[in-house]
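Worksheet: one structure, shown below.
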Amino acid sequence: MDTSVDYSHHHPLLMLDKSHTPPALRQRLLEIMFETHNLPSVFFLRDAIAACYAVGRTTATVVDVGYSGTMVTPVYEGFVERSGVLRNNACGARNIEERVLEMMD
């Protein structure tokens with residue numbers, strides 16, 4: 001007896017994405033979510049805006065240090081200032097790890 005029930009058509013989906021995600025990729029994700037998973041609605045929220053909301057702010061400079069790079073995103077009144085977004089692939093945790101390992105040798 002199969003007791004699994006698909007409740008996906010009852011629940012909307014909130015997806016966090018990066019400030020530099022191309023619109024074509026977002027469009028493709030929407031197609032997959034609606035066609036494959038039968039979701040009633042999907043909302044894309046920039047991860048920098050979510051970080052601001054998490055600490056009760058609508059204006060901030062968000063610094064995201066990831067494994068492969070660092071991104072600085074200015075957020076003003078809940079909107080990303082796209083002209084101020086900076087991305088540096090040379091300053092991620094991987095580069096820091098490599099440098100520390102070099103210094104230890």
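The values are calculated or read from the model by the stated rules, or taken from the named source; none is laboratory data. From a predicted model like this one, the values you see are computed outputs, not experimental measurements. Here the Cβ positions follow ideal geometry from the backbone for every residue, glycine too, while neighbour counts run over all protein chains shown. Protein only, heavy atoms only, side chains kept; ligands, DNA and RNA dropped before computing areas. Shrake-Rupley method; radii C 1.70, N 1.55, O 1.52, S 1.80 Å.
Take ARG57 and decide whether it is basic (Lys, Arg), touching a Gly at 6+ places or on another chain (Cβ under 8 Å) and over 30 Å from HIS9 (Cβ atoms). Even if it seems obvious, please write down each step before you answer.
Working: basic (Lys, Arg): yes; touching a Gly at 6+ places or on another chain (Cβ under 8 Å): no; over 30 Å from HIS9 (Cβ atoms): yes.
When the stated conditions are applied, ARG57 does not pass them.
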Which ones in segment 82-95 are exposed (fewer than 13 other Cβ atoms within 10 Å of the Cβ) and either more than 15 Å from ASP17 (Cα to Cα) or aliphatic (A, V, I, L, M) (or both)? SER83, LEU86, ASN88, ASN89, ALA90
Looking at (1) modelled with pLDDT of 90 or more; (2) open to solvent by 70 Å² or more (accessible area, probe 1.4 Å); (3) in contact with a helix residue (DSSP H, G or I) (Cβ under 8 Å, 6 or more places away or on another chain), which one does ASN38 not meet, given that it meets all the others? (1)
Any chance segment 9-31 includes a residue that's over 18 Å from the mean Cα position of the chain (by Cα) and at pLDDT 85 or above? yes
